[in-house]
Amino acid sequence: MSRNQSSSSSRSSLLFISLLIIITCLQSTVHAKVVKHVFIVDYVEGSPDGVYRDKILAINGQFPGPTIEADLGDTLQVDLVNLIQDGQNTSIHWHGIHQKGSPCEDGASQISQCPLRNGFVQRYQFTLHQAGTYWYHSHVNSQYTDGLWGALIVHNRPEVYDYDGEIVITLNDWYHRTARENEHWHLTPAARGVPPYPDSGMINGLGRYPCDLAVLQNRTCDTTLQSRKVFNTHRNQTYRVRVINVSAYTAFNFSIDGHVLETVEVDGIDSARRVPVDYAVLAAAQRYSFLIRTNGSLNRYLIRADLRIESLLLIEGVNINKFPEALMGDVTAVLQYVDDDIPAETEQVEPFSFQEQVPLKNLSSLICLDEMELSPFDGLPAPPYFDKEFILEAGFYEDEHDVRRGQFNMTPFKLPDHKPLLVQLIDGDKLAPSVFALDVGYMDVVQVVINNPFFGPHPFHLHGASFWVLGMGGWYDGNYDPARHNETLSLTGVKRDTVLVQEQSWAVIRFVADNPGVWTFHCHIDWHNLSGMAMTFVVGRDQISRAVRFTEEGRRVCAHHKLEDLIDKGDQPDTSDATNNSSHTTLVLLALISIVLYL
Ligand SMILES: [Cu+2]
């Protein structure tokens, strides 16, 4: 072939590829849609583990909140209506969604927005640039432990791995006391930094509690209200099981009797290969997708979320929960094949008729997921260098009021009490030392060494980016020591947004700071986050003040607070009088009417 022929053929293939790209772009534009939801948040009564609670935060009357489903490239629009009866503020964070180009939509109260005042509406709107398994939750104090959370699934079409159907499973810990009661206790010297002990564990919002012990605490308990979820499937199919741990504290061992779990996704990142395991550990805020094949010989199998009770801190006499022994470690649901005339059912009520299990292999021979085997499907390793390195030590120290607070590098994080951090940065303000802000340049490669020399494991979550985990130590491995650990680091390990650092151990993570904004990095044991185990990365300070504009919606939400009122009041009763409340209600009604008209 002559040179001319070759260049003309490469020109035409270039043209063809360009056309293909344009067509693909057009197709995705044509297919991209706006997924709209209205979330009306208020309290409902309920007994999700059999024990009555009069204040469960629900969305449109539902606990857990509705599962949001959308496709990659769609725009998600959620109108959040705060009708919480006792006047609390609220906000919603979209966990794992980077908000690239939409830093005002991150939902972190007093970081990216003012908390949404009671009686008002806030519209979140952003494009979904990442497919995978995510979730949403309140980001005001520990409010999400009252029930304000749900799953957020972004489909890729086609998906990387083929399957016939999907199951979405949430795991959560549950508290009989309200978030406010637990927060107030946790921030007293008596708590000594110990988190409130959970009362029960749940799968998809259903759990159990021993009613005899509930009665001793003057709580109403009814075993006939205790049920577990049944997932109906068909035989000889492949299902994608998406598992999300939305707990505020607890980690679970997840497994399905008689089924191998082929791990294909971690925190929204597809895995380069299927990693088959018997069970996986999910720390608070972590997610995995597993492919299972419904080819067992029985019709029903137990889905197990075994609470990792050993990682819950228990100090004699130190807890607001006086009945820690009531916590039932075996949380179950049922996987059912509905062929062979087995009727489909959605829940089973206690006493559970089905307790049989497939004989498991010897426990010690079970294969547990090693997350480092889940290198990303896109094949991109971590950059082999870093521009900035930070060494963070997670710890607990008493503050001036003798309250034991979680912190990084002896700096207990405190939210600003006036403008949200993002607004301060847009305005070019100097940030207070108590927000522990670390500056990184736009497109810097950032390495963070996390040491955890104190007690308990911590799942650390980064907003605004996913990170490669270069390495992590086992229990009691000590602080990161380059001489000892450097050669164990890998650039091709897992990429995710929440990493568990074991007790008295370490992890090294690396991320590309490609998303101008202010992004919090915090422990997702929500009680530790509440007391101060958090800090912030300011990515591209110049880019923020030059190019980021606070949205009109963000301004409107802030305007509902008087300036001196901008302090996050999630843990304080609303002081507005009845007249104010009625005008709030009118506003909400007007807003609802306009939403309906708009739809
Ligand atoms: Cu923690």
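The values are calculated or read from the model by the stated rules, or taken from the named source; none is laboratory data. All values derive from a computational prediction rather than experimental measurement. All Cβ positions, glycine included, derive from the backbone under ideal geometry; neighbour counts span all protein chains shown. When the accessible area is computed, the model is the full protein with side chains, heavy atoms only, and any ligands, DNA or RNA have been set aside. Shrake-Rupley method; radii C 1.70, N 1.55, O 1.52, S 1.80 Å.
Let me check against my output: what whole-number percent is the relative contact order of the chain, with C-alpha pairs under 8 Å and at least 6 apart? About 16 percent, as a whole number.
Highest mean packing comes first when the peptides 88-100, 415-427 are listed by Cβ atoms within 10 Å, giving 88-100, 415-427. Packing-based ranking of 112-120, 216-224, 495-503 yields 112-120, 495-503, 216-224, ordered from highest to lowest mean Cβ neighbour count within 10 Å.
Think of it as helices only: each DSSP H run of n ≥ 4 in the chain is worth -39500 (n - 2.57), and spread over all residues that comes to -4500 deg cm²/dmol at 222 nm. A protection proxy built from the mean count of other Cβ atoms within 10 Å ranks the segments 378-386, 287-295, most packed first, as 287-295, 378-386. Percent of Cα pairs in the chain per distance bin of 10 Å, from zero to the largest separation: 3, 16, 27, 28, 17, 6, 2, 1, 0, 0. Note that the chain presents 40 Å² accessible area per residue, ligands and nucleic acids not counted, probe 1.4 Å. With contacts taken as Cα pairs under 8 Å and at least 6 residues apart, the stretch 388-553 reaches a relative contact order of 31 percent. Taking label points 7 Å from Cα along the Cα-to-Cβ direction, TYR442 and ASP212 give a separation of 6.6 nm. Exceedance of the 29 Å cut-off in Cα-Cα distance is limited, within the set LYS322/LYS495; LYS322/LYS419; LYS100/LYS419, to LYS322/LYS495; LYS322/LYS419. Could you give the DSSP H helices of the chain that reach 20 angstrom or more along their long axis (alpha carbon positions) and whose average Kyte-Doolittle hydropathy is no lower than 0.5? What comes out of the filter, once short or polar helices are dropped, is 3-31, 578-598.
With the simple model of a label 7 Å out from the Cα in the direction of the Cβ, GLU181 to LYS414 spans 2.9 nm.
Taking 0.36 nm per residue of separation and subtracting the Cα-Cα distance, full extension of the segment from TYR163 to THR220 would add 16.2 nm.
Potential lengthening of the chain between GLU373 and ASN156 amounts to 75.9 nm, from the contour at 0.36 nm per residue minus the alpha-carbon distance.
Ligands, DNA and RNA left out, the 1.4 Å accessible surface of the chain is 55% carbon and sulfur atoms. Computed over the stretch 71-129, the alpha-carbon pair-distance distribution with 10 angstrom bins reads 23, 51, 22, 4, each value a whole percent. You can think of it this way: the chain between ALA559 and GLU310 has 85.0 nm of extra reach, that is 0.36 nm per residue less the Cα-Cα gap.
Computed from the Cβ-Cβ distance with R0 of 51 Å, the FRET efficiency linking ASN236 to GLN543 stands at 0.45. Here's the list of aspartates and glutamates a cross-link from LYS388 could span, going by alpha-carbon distance under 13 Å and ignoring same-chain residues fewer than 8 apart: ASP439, ASP444. Between TYR476 and LEU366, the simple spin-label model (points 7 angstrom out along Cα→Cβ) gives 2.3 nm.
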